[in-house]
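A short write-up of the structure that comes next.
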Amino acid sequence: MRWFQTALATAFFGLLFMGVVSDAGSADYRRSSCRSGDRFVIQDLDATPDPLIEGQRIRNWRVKIRSDANRECETEIEIREGNDVVVGPRRYTLRPGINEVEMPATETYRFHRGEHCFTVVVDLEGTRRPVDTDRRFCARQRAAWSLREWGDRR
């Protein structure tokens with residue numbers, strides 16, 4: 001009778017342990033990838049520091065992106081200037097609504113000509129697509145380089 005109680009207790013704790021392990025492992029699967037039907041819009045794109053003196057290194061980029069998806073999703077985000085990758089793809093989780101994403105700058109990228117215009121690209125189901133915007137995000141050189149627009153929050 002003692003061996004039966006021991007076997008039953010072992011089976012019970014084994015099932016309990018398997019349930020805890022499977023719940024912990026499935027947490028990664030609850031976050032889904034962003035899908036091609038999910039709509040994103042870039043609200044703002046900024047670089048730090050701003051203004052930037054020619055040849056000075058950008059420390060980081062801040063992207064304000066609106067997600068119209070009805071759930072949280074993961075995607076890779078990158079910043080490009082034409083075909084050149086300015087900030088390589090990094091994985092981020094986006095919530096419904098406005099998301100502010102801070103991205104570390106590439107060590108070697110510098111402003112060096114009259115105008116630089118940027119596109120934010122996301123990965124939707126394995127396909128990289130530019131994100132919709134209401135306007136172009138361009139850095140222009142005045143006394144120094146700046147991405148600020150008239151009435152920008154800073």
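The values are calculated or read from the model by the stated rules, or taken from the named source; none is laboratory data. Treat the numbers as computed from the prediction; the structure is a model and nothing was measured. Note: ideal-geometry Cβ built from the backbone for every residue, glycine included; neighbour counts use all protein chains shown.
One line per residue, one yes/no per condition, for (1) part of a loop (DSSP other than H, G, I, E, B); (2) without any contact (Cβ under 8 Å) to a residue 60 or more places away in the chain; (3) aromatic (Phe, Trp, Tyr):
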residue	(1), (2), (3)
TYR92	no, yes, yes
GLU102	no, yes, no
ARG110	yes, yes, no
CYS117	no, yes, no
VAL120	no, no, no
ARG128	no, yes, no
ARG135	yes, yes, no
ARG140	no, yes, no
GLU149	yes, yes, no
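Taken over the stretch 75-117, residues that are out of contact with any strand residue (DSSP E or B) (no Cβ under 7 Å at 6 or more places or on another chain) and polar (S, T, N, Q) amount to 2.
Regarding ARG80, is this residue over 13 Å from PHE40 (Cα atoms) and modelled with pLDDT of 90 or more? Yes; evaluated as a whole, the condition is true for this residue.
Evaluate the stretch 135-144: report whether one residue or more is within 12 Å of LEU45 (Cα to Cα), in contact with a Phe, Trp or Tyr (Cβ under 7 Å, 6 or more places away or on another chain) and either modelled with pLDDT of 90 or more or of a type in the set (A, V, I, L, M, F, W, C) (or both). Yes, there is a match, as at least one residue in the stretch 135-144 is within 12 Å of LEU45 (Cα to Cα), in contact with a Phe, Trp or Tyr (Cβ under 7 Å, 6 or more places away or on another chain) and either modelled with pLDDT of 90 or more or of a type in the set (A, V, I, L, M, F, W, C) (or both).
To keep it simple, each residue is scored yes or no on (1) modelled with pLDDT under 90; (2) basic (Lys, Arg).
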position: TYR92; (1), (2): no, no
position: ARG95; (1), (2): no, yes
position: GLU102; (1), (2): no, no
position: ARG110; (1), (2): yes, yes
position: ARG113; (1), (2): yes, yes
position: THR119; (1), (2): no, no
position: THR127; (1), (2): no, no
position: ASP132; (1), (2): no, no
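Restricting attention to the stretch 77-126, the residues being of a type in the set (S, T, N, Q) and either surrounded by 11 or more Cβ atoms within 10 Å (Cβ to Cβ) or within 15 Å of the chain's Cα centre (by Cα) (or both) number 4.
Of the residues making up the stretch 46-71, those that are touching a Ser or Thr at 6+ places or on another chain (Cβ under 6 Å) and surrounded by fewer than 16 Cβ atoms within 10 Å (Cβ to Cβ) number 3. Restricting the stretch 145-154 to residues that are touching a Lys or Arg at 6+ places or on another chain (Cβ under 9 Å) and not hydroxyl-bearing (Ser, Thr, Tyr) leaves a set whose member that is modelled with the lowest pLDDT is ARG154.
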